[in-house]
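Okay, so here's the structure we're looking at.
The values are calculated or read from the model by the stated rules, or taken from the named source; none is laboratory data. Note that the structure is a prediction, hence the values are computed from the model and not measured. Positions of Cβ are generated from backbone atoms using ideal geometry, with glycine treated the same way; all protein chains shown enter the neighbour counts. Protein only, heavy atoms only, side chains kept; ligands, DNA and RNA dropped before computing areas. Shrake-Rupley method; radii C 1.70, N 1.55, O 1.52, S 1.80 Å.
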Amino acid sequence: MKVLVIGGAGYIGSHVVKALMAKEHSVTVFDNLSSGLRQNLFKENDFIHGDILNTEQLDKAFARGFDAFIHMAAFKAAGESMIEPEKYSVNNLTGTINIMNAALKHGCKRMVFSSSAAVFGEPQYLPIDEKHPKNPENYYGFTKLNIEQIMQWYDQLKGLRFAALRYFNAAGYDPEGVLYGLEQNPANLLPVIMETACGMRKQLKVFGNDYDTRDGTCIRDYVHVTDLADAHVRALDYITRENRSLTVNLGSEKGVTVTEMLEAARRITGQEIPAEYVGRRAGDPACLYATSAYAREALDWKPRYSDVDPLISTTWKAYQKYLGEKR
């Protein structure tokens, strides 16, 4: 298939592009490079430097004729979304509607969307399944839930078949070492640990060690980015084969504490990684992790690289390779 990957120069997007290429799909990347990197582009693919807020650029892109598109161009910093909801409204909501309207104008009716487990908010039970109540606790999560609802209406009214993939924390890097462009200004735990291990940060701050968990620190769900990329390709195959939409959770089903991740990183990197335990952050639940039972059933998907060791080792190799080239 001819697939347009919007946000395909980004961290997750570039891994999705690599997975699509492995299945011999013809890929074009559309990205404004605000957070994506030219380093993440493959020479085999066409690249369109464009913005989802520019309807003319989107129209010209979709006029090339695509069988499907994957949308990974949303802003994703939950904390920032609570301070700048205007920014998230314009990019995430208006931008997505622009994409969908351009796609429909040119007859492209298959869409894979990177949604988020942020649509759920505070867990009422664990592990979180697809039927869990949706009550986002940040504006970022609200935008993702709102987009899911818009897609449902476009499915019903315009025949747009979509797959909405909800996941928590993408982590790790390409096990083959082809992709190693680092995220810009990362806020997630593992890259922050790596930056501390590399000396880019003086120390890691661990927010709270008095939670009701096995070691007092928060438990979170980490899924390797290569496993997520595989799920995007499988979801595209599903909506093409079944001609119906799909909403599915992608989780490791285990959950890892902050301290477990830190200790494993010290072991694998051989670095001291200074850390300080500080007070809790407002709104941080003790445990968050999802079940992937439906993903196994519908997509025959299960994580292959999402254990702690491959998450850390592939990330450490990416940091060493990237920083080694910069020196």
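General remarks:
- Ellipticity estimate at 222 nm from DSSP helix runs (n ≥ 4, -39,500 (n - 2.57)) divided over the chain, nearest 500: -12000 deg cm²/dmol
- Cα-based helix-to-principal-axis angle, 225-242 vs the chain, degrees rounded to 10: 30
- Principal-axis analysis of the Cα atoms of the chain puts helix 139-158 at an angle of about 30° to the longest axis.
- Most tightly packed first, judged by the mean number of other beta-carbon atoms within 10 Å of their residues, the peptides 13-22, 125-134, 257-266, 31-40 read 13-22, 257-266, 31-40, 125-134.
- Shape call, the chain: gyration tensor on alpha carbons, a/c limit 1.5: prolate
- Assigned charges on the beta-carbon of Lys, Arg, Asp, Glu; the chain dipole about Cα centre (debye): 580
- Here the ratio of the Cα radius of gyration of the stretch 194-322 to 2.2 N^0.38 Å is 1.23.
- Members of Lys23/Lys43; Lys18/Lys43; Lys2/Lys43; Lys87/Lys144; Lys2/Lys87 lying beyond 20 Å, as alpha-carbon distances in this model show: Lys2/Lys87
- Per residue solvent-accessible surface (Å²) - the stretch 91-147, probe of 1.4 Å: 38
- Rounded, prolate or oblate (a/c below 1.5 giving rounded, otherwise prolate when a/b exceeds b/c) for the stretch 1-107 by Cα gyration tensor: oblate
- Span from the the stretch 5-26 Cα centroid across to the the stretch 79-121 one, whole angstrom: 18
- By the Stokes-Einstein formula, at 1.002 mPa s and 20 °C, the stretch 83-228 with its Kirkwood radius over alpha-carbon pairs has D equal to 119 µm²/s.
- The peptide list 61-72, 205-216, put in order of mean Cβ contacts within 10 Å with the highest first, becomes 61-72, 205-216.
- Accessible surface, the stretch 213-327, averaged per residue in Å² (probe 1.4 Å): 46
- Relative contact order for the stretch 135-242, counting Cα pairs under 8 Å that sit 6 or more residues apart, in percent: 30
- Farthest toward the positive end of the dipole of the chain, out of Thr269, His106, Phe75, is the Cα of His106, where the dipole comes from beta carbon charges about the Cα centre.
- Calculation over all alpha carbon pairs of the stretch 51-154 in 10 angstrom steps from 0 returns a P(r) of 15, 43, 30, 11, 1 percent.
- Helix 258-269 and the long axis of the chain differ in direction by around 80°, with both axes built from C-alpha atoms.
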